[in-house]
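Report on one structure; see the data block that follows.
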Amino acid sequence: MADFTLQELTAQTIVAANGLTLKPGQEAFLEPETYTHAEEGLDPAGSWPRVVMDGDRVVGYIMGTFDADAREEYLRAALWRIEVAEGAQGMGVGRFAVQALADEARARGFDRITVVWASGEAGPGAFFKAVGFQIVGQTPYGENLGALQLS
């Protein structure tokens, strides 16, 4: 694995994060329908946007959210979005980012993080399972609800 670092999203990195190029078909899986409907109820103070750097190059982006009082349990400590540049996929960027989110969740007193994703050939299901998420249910929109225990 390369020597990745994590940085807060800044004016210097936001353009690079927004310009990450994904593999064909992956764009359709960036925001599940469940998150589109839940977004307005999120506490902005609980958002955790970070970029993954490989040297001075942005190779990934992760957005987590933390809200111990969220009405829906699966939104209390959640992986909201993860993107890895096409050329950096398979190099450990995503695993590094998820581990960083898990570490942050643990530090905030959470015992698991959740993620929602739609099924599909170019979708992220195999990745989420490979980094330890297990399907624990489905959302009202028919998407997978996964959880990663932080023991």
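Given the structure, is Y74 among the hydroxyl-bearing types (S, T, Y), under 20 Å from G137 (Cβ atoms) and either at pLDDT 80 or above or not in a strand (DSSP E or B) (or both)? In short, yes. All told, E83 meets the bar of being within 11 Å of the chain's Cα centre (by Cα) and at pLDDT below 95. Inside segment 109-137, residues that are surrounded by fewer than 12 Cβ atoms within 10 Å (Cβ to Cβ) and closer than 16 Å to W48 by Cβ make up a count of 1. Here W80 clears all of (1) within 21 Å of T10 (Cα to Cα); (2) loosely packed, with under 15 Cβ neighbours inside 10 Å except the condition numbered (2). Taking into account only those residues within segment 93-122 that are touching a residue at least 24 places away in the same chain (Cβ under 8 Å) and charged (D, E, K, R), which is farthest from E8 (Cα to Cα)? That would be E121. You will find that of A147, A105, A97, the residue that is at pLDDT 95 or above, among the small types (G, A, S), under 13 Å from the mean Cα position of the chain (by Cα) and under 19 Å from A45 (Cβ atoms) is A105 and no other.
Taken over segment 68-80, residues that are touching a helix residue (DSSP H, G or I) at 6+ places or on another chain (Cβ under 8 Å) and within 23 Å of V131 (Cα to Cα) amount to 4.
Screening I135 with (1) touching a Leu at 6+ places or on another chain (Cβ under 9 Å); (2) at pLDDT below 95 gives one miss only, at (2). From the list G90, G125, the one residue that fits, being modelled with pLDDT under 95, small (G, A, S) and either touching a Leu at 6+ places or on another chain (Cβ under 8 Å) or farther than 25 Å from V15 by Cβ (or both), is G125. Residues in segment 36-48 that are modelled with pLDDT under 90 and within 22 Å of L6 (Cβ to Cβ): 6 in all.
Determine which member of the set M63, M53 is over 15 Å from the mean Cα position of the chain (by Cα) and either surrounded by 23 or more Cβ atoms within 10 Å (Cβ to Cβ) or in a strand (DSSP E or B) (or both).
Being over 15 Å from the mean Cα position of the chain (by Cα) and either surrounded by 23 or more Cβ atoms within 10 Å (Cβ to Cβ) or in a strand (DSSP E or B) (or both) holds for just one of M63, M53, which is M53.
The values are calculated or read from the model by the stated rules, or taken from the named source; none is laboratory data. This is a predicted model, so every value here is computed, not measured. In this analysis, Cβ positions are derived from the backbone assuming ideal geometry, glycine residues included, and neighbour counts consider all displayed protein chains.
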